[in-house]
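Below is one structure. I have some questions about it.
The values are calculated or read from the model by the stated rules, or taken from the named source; none is laboratory data. It should be emphasised that the depicted structure is a prediction, and the values quoted were computed from it without experimental measurement. Positions of Cβ are generated from backbone atoms using ideal geometry, with glycine treated the same way; all protein chains shown enter the neighbour counts. Surface accessibility is based on the protein's heavy atoms, side chains included, excluding ligands, DNA and RNA. Shrake-Rupley method; radii C 1.70, N 1.55, O 1.52, S 1.80 Å.
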Amino acid sequence: MMQNRTTTPQLWQEGAAISLLLAAALMVMGNATISPALPLLAAEFSDDPWAEWLSRFLVPAPSAAVVICAPFAGRLADRVGRRRLLLWGVALFAIAGCAGLVLPDLRWILASRLVLGIGMALIMTAQTALLGDLFDGARRANMQGLMITARNLGGLVCITSAGVLATWNARLPFGIYALAFVFLWVMWHGLVEDTDCKGKGTQAQSEAVNDPGAATGWRWVVAGIALLQGLTNLAFFVMPTQLPFFLNDLGIDAPVAAGLTLGAMTLAGAAIALRFGALSRWLGTARCFALGYGIMAFGYLGLSVATGFGVVVLGAICVGMGYSLVTPSFAGLMLKAAPMHWRGRASGVLTTAIFVGQLLSPLLSVPIIGGWGFSVLYSVLAVGVTALAAVWAMYGWRDAAKAVLYRQ
């Protein structure tokens, strides 16, 4: 059911909006929360000959589970309802996340991380479909920006807290996942039954019939959006996976400097995402993409020539701002393309693309770094992202020209 309020501040007063923002905040928590504790976990289980390998796989393990499960989660969302799937996902996320506090060895912890990934697949798929069911127009654009901000700030708070907790005990960062139990209570009350949409009922049927996405060929549109989302994530995740090594290559104290740089990137992204709704209405989707990719390309160009910490921070800030400007539009485009009763499955495809990009990023970037160095990697990214900016800029200019001719 669409709600009639239209002003951005009122979103903070709506249970559905708060629930989706909390769901967004969980996503960065899923993978990266335990990152500061990895060396300590490897040391705790040093008697295991596979400890070094197993400990390093704890962070990407949930992404692998998401890639496998997200398409099935999409089908479930369309069959059992988005609200129910979201609640199931948060409950599974909380239980599997906290399990690391008590599990006896790294193999069991790794298994719990895979289960955590299943919860993440349910959450991301359901939240994207609910975004389309419950919000439209300017309100949807505002929510898309707010969700990116919630994701950035949630990750910043959780990763920082985990670093502090890990200094006391390697297991304590797993306790941060208990926040999901609190979020579950809020979502249970914030998302009421009559807001749950399965693509059934009079309103859903009428929207599905009148939805332009119901036309033949919408699946190809969704596939194209997912491909672009995956490529964008592939480019962006060079930052969290390779930045510490890049700083070390420059002779900079990586642990402290990497935290400061990634923190600055996250805050810059959160700030620009807060204004996404206004920017998207002012610029339009195509020019938002062009501007976002242009800013990202400028950041990668700066990193390709960086020799000192200041330029690295500036480049990271630009990458974070550009990424946060383009990312909200993917869900919006998908929701416009897919018929209402297929939104769950389309959301599953988009979720899969996000995590495929994350998994491929280190696999493709490490060989380039090993063969030619960081400068070449960042130069390649700058050229590739510039090409995306140029394509979207041409679309934006074409739409602007059509508007002028139409008025004449």
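In the list LEU122, LEU130, which residue meets the criterion of being open to solvent by less than 10 Å² (accessible area, probe 1.4 Å) and either β-branched (Val, Ile, Thr) or over 21 Å from SER35 (Cβ atoms) (or both)?
Checking each option against the conditions leaves just LEU130.
Applying the selection to the stretch 366-381, what residues are surrounded by fewer than 22 Cβ atoms within 10 Å (Cβ to Cβ) and in a helix (DSSP H, G or I)?
Residues satisfying the conditions are VAL366, PRO367, ILE368, ILE369, GLY370, GLY371, TRP372, PHE374, SER375, VAL376, SER379, VAL380.
Condition check: open to solvent by 20 Å² or more (accessible area, probe 1.4 Å), at pLDDT below 85, assigned to a helix (DSSP H, G or I) and among the basic types (Lys, Arg). Does ARG139 satisfy that?
Against the criterion (open to solvent by 20 Å² or more (accessible area, probe 1.4 Å), at pLDDT below 85, assigned to a helix (DSSP H, G or I) and among the basic types (Lys, Arg)), ARG139 does not qualify.
Yes or no: VAL319 modelled with pLDDT of 85 or more, open to solvent by less than 20 Å² (accessible area, probe 1.4 Å) and not aromatic (Phe, Trp, Tyr)?
yes
A quick yes/no check of all residues on (1) within 19 Å of VAL385 (Cα to Cα); (2) touching a helix residue (DSSP H, G or I) at 6+ places or on another chain (Cβ under 8 Å); (3) open to solvent by 20 Å² or more (accessible area, probe 1.4 Å):
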| residue | (1), (2), (3) |
| --- | --- |
| SER280 | no, yes, yes |
| TYR300 | yes, yes, no |
| THR307 | no, no, yes |
| SER329 | yes, yes, no |
| SER347 | no, yes, no |
| THR351 | no, yes, no |
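Report yes if LEU262 is open to solvent by 20 Å² or more (accessible area, probe 1.4 Å), assigned to a helix (DSSP H, G or I) and at pLDDT 85 or above, otherwise no.
no
Quick check: is even one residue across the stretch 30-38 on the phi < 0 side of the Ramachandran plot and modelled with pLDDT of 80 or more?
For the stretch 30-38, residues on the phi < 0 side of the Ramachandran plot and modelled with pLDDT of 80 or more: absent.
Could you tell me whether the stretch 97-109 includes any residue that is touching a residue at least 40 places away in the same chain (Cβ under 8 Å), within 30 Å of LEU267 (Cβ to Cβ), open to solvent by 10 Å² or more (accessible area, probe 1.4 Å) and over 20 Å from the mean Cα position of the chain (by Cα)?
Yes, that holds for at least one residue.
Got at least one residue in the stretch 299-307 being closer than 30 Å to ARG345 by Cα, under 20 Å from the mean Cα position of the chain (by Cα) and either in a helix (DSSP H, G or I) or without any contact (Cβ under 8 Å) to a residue 12 or more places away in the chain (or both)?
no
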